[in-house]
Each structure stands twice: as C-alpha cells, then as structure tokens.
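Asks: Attaching a single structure in structure tokens format; questions to follow.
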Amino acid sequence: MFKGITNVLVEVTENCPLDCRHCYLKARRRRKHHLPVKTFASFIQILRDHGGLFLTLTGGEPLLHPHVDDLLKIAADEGYVIRIYSSLQNVSESLFELISAFPVMEIETSLCGASDDEHDSVTGVKGSFYRTVEAIKRLRKEGVKVNIKMIITRENFSQIALVKRLARELDVNFFASPVILPCGGDFRIPEKFLTKRQLKELFETHADVAGGVSPRRVVFPLCNIEKGIFLSSRGEVRRCMEHPEILGHLPEDDLKAVLESSRFREAANIAREPPIAECKECAFIQWCRPCPALLKNDTVKKLMIEQFCRIAHVRYDITSRT
Ligand code: SF4
Ligand code: SF4
C-alpha cells in the first residue's frame, strides 16, 4: 500500500463571511457549497492508512461548515494533528471549547492591517478586525497556537511593521507574503504588486517574516507536493490546491484506487524539474521560491512569473551586496 501522503488539506466549504479584495475564491464563495460529513470522514480515514498525519481544514471559512464540530471530532478520533485556516469571524462558545480541548491544534488566520480601518477596508466587512483579534486573544488564553499571515500589497505595505508588533503583543507567530494569487478573483492585480522599492524594503527590514533572502542550496524540488493531497468541497481530489489536474471525484470514485494509480504519482512530478522553460536557464533560480503548479497554470502563469521573478531579483540584489 502507498503510504507516502502525510499532509492532508481539505476545503470543507466555499462559504465565507468576508469579501477580501485579493480573494482567490471570489467567484465561488457565495454559493455556500459544503463538503458532506460522510465524504470527509471516509476521505480522512482512508488517508490515515496511507500515512496521513497533518490535517488542514480550509475554505472559504471552515468554521462556517454547518457540522464543523463533527468534522473536528472525527479528525481528532482519527489521531490527526489538526490545523485550521480561519478568519475567526464565527467562533461560537462551544467551538472555542472544542478547539481548546484538542491536544494539538494550530490556527492560521489573516490580518491585512493593524487597525479596524486598515483591515476592514480590505475584507470589506466592518468589525472583522475586532472579531479576529478578540478570537486570537481567547485562543491564546486557552493555549492554542495561532499564526497570523498577512498578504502584503501596495496598499497595505505601510502596515507590516504594525501587524508584526501586534503579533508580538498577541504572542503569536507572524509571516508575510508579497505573492498574490489571482485565481478566480481580481485580474487587475499588477496594480497591487509591491513596487521594487517596497520589495527591497520588505526583504531588507522584514526578511525574518517574509521567508528570508538566502539562496537555496537545493533548488528543486520546490515544494511538498509529493507528500500532499487536497480534497475540495465539491469532492475533487488533487495533489494540492493549486494543481490543475483532478485525479478523482468523491464519493463516486474509489479513493484507494485513485491513490494507487500512476496518474496520482505522476501528478507530483511537477515539482521535480524547473516548471517552465524560462526557469531552466535562470541565473536567479536559487533566490526564487516559485510554486510550480501556478507557473504551469495558463490562466495565471504570466502574473505569477512576474511576481516570482521580481521577488527573486530583489533577493539576489540584497544578498549579492552583502
Ligand atoms: S526568477 Fe523567474 S525565471 Fe527564474 S526561476 Fe524564478 S520564476 Fe523562473
Ligand atoms: S505545487 Fe505549489 S501549491 Fe502545490 S504544494 Fe507545490 S508549492 Fe504548494
């Protein structure tokens, strides 16, 4: 039996209470499509036998799944280390208690700024900053590990130092990414990319939270796709969220057969060699952290190359000066 999958990512719902300007699900998330509990249970049980250890629940907003408490109990019974990507807008008292009761649990949330004005103007929902921060305080009080992620754009760039300070005050980890995914959302994103000056400042002043500037000794593989699997709320099985190839559809297909298929293994080959011709001879490749799936996606490829290349060039400039 193939036992190489450790990282299991499940999109349990497309529903989300926010309206973020940079959201990659913009076109789908109002449809309120939820993954059936039965499909979820059978998926994670089978994956446990194939090596599954780390389970991440994502969305949309996973806590808006109408049976999220059942999903969490099933995952805990299976012995998974659970992580939840959540905007922390809808945490009921009973859910706080359930989350706090698990032995190993990590929550990842997003802040787009360090005040109501800054954050809410990106999420499009008044009071969202307050709710997220209050939920973080509550989770920390219960000893739950929390990570804050910030997508940095030209508009909220000035907020990074403030969010970093807020994360310290809240006693949570913080990381920031200047990469914007255009999938399904706003395709005018080049206006939001950081300018070269901003990227330089980001990696000179905040390299600790932005992934560093050092060249990578091992260039490829670039990602963890070989150890991963993704299930969408519509039952599509892929190797990862960004991989375009649907390898099966649940509950119709036999998941065990999908996992044993050559298509499933071959889908991970995407990470074994430079994803596009431009990367093959690239002098900046060691400073680059591209996602091979996004570079192979014809719809977003151009925008992703632009971002990855700019970031790699800035990293190179900084390290070659020191
Ligand atoms: S800098 Fe651009 S061309 Fe070079 S490896 Fe990165 S994405 Fe490819
Ligand atoms: S292909 Fe991209 S999204 Fe998928 S695991 Fe690799 S880096 Fe992550």
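The values are calculated or read from the model by the stated rules, or taken from the named source; none is laboratory data. What you see is a predicted model, and the numbers here were worked out from it, not measured in a lab. Counting neighbours? That spans all protein chains shown, and the Cβs are built from the backbone with ideal geometry, glycine included.
Asks: In segment 289-305, which residue that is away from ligand 2 (no atom under 11 Å from the Cβ) and at pLDDT below 90 is surrounded by the most Cβ atoms within 10 Å (Cβ to Cβ)?
Replies: The extreme case among them is 300.
Asks: Give me a count of the residues in segment 247-274 that are within 25 Å of the chain's Cα centre (by Cα), in contact (Cβ under 8 Å) with a residue 24 or more places away in the chain, more than 16 Å from ligand 2 (Cβ to nearest atom) and outside any loop (DSSP other than H, G, I, E, B).
Replies: Qualifying residue count for the region: 2.
Asks: A follow-up question, please. Condition check: over 23 Å from the mean Cα position of the chain (by Cα) and modelled with pLDDT under 90. Does residue 277 satisfy that?
Replies: yes
Asks: Please report, ordered by residue number, the helices (runs of 4 or more DSSP H) entirely within segment 61-175 with at least 1 residues that are at pLDDT 95 or above.
Replies: The helices (runs of 4 or more DSSP H) meeting that bar are 68-77, 128-141, 160-170.
Asks: If we scan segment 198-206, do we find a residue that is of a type outside the set (Val, Ile, Thr), closer than 25 Å to residue 13 by Cβ, surrounded by 18 or more Cβ atoms within 10 Å (Cβ to Cβ) and more than 14 Å from ligand 1 (Cβ to nearest atom)?
Replies: No - not one qualifying residue is present in segment 198-206.
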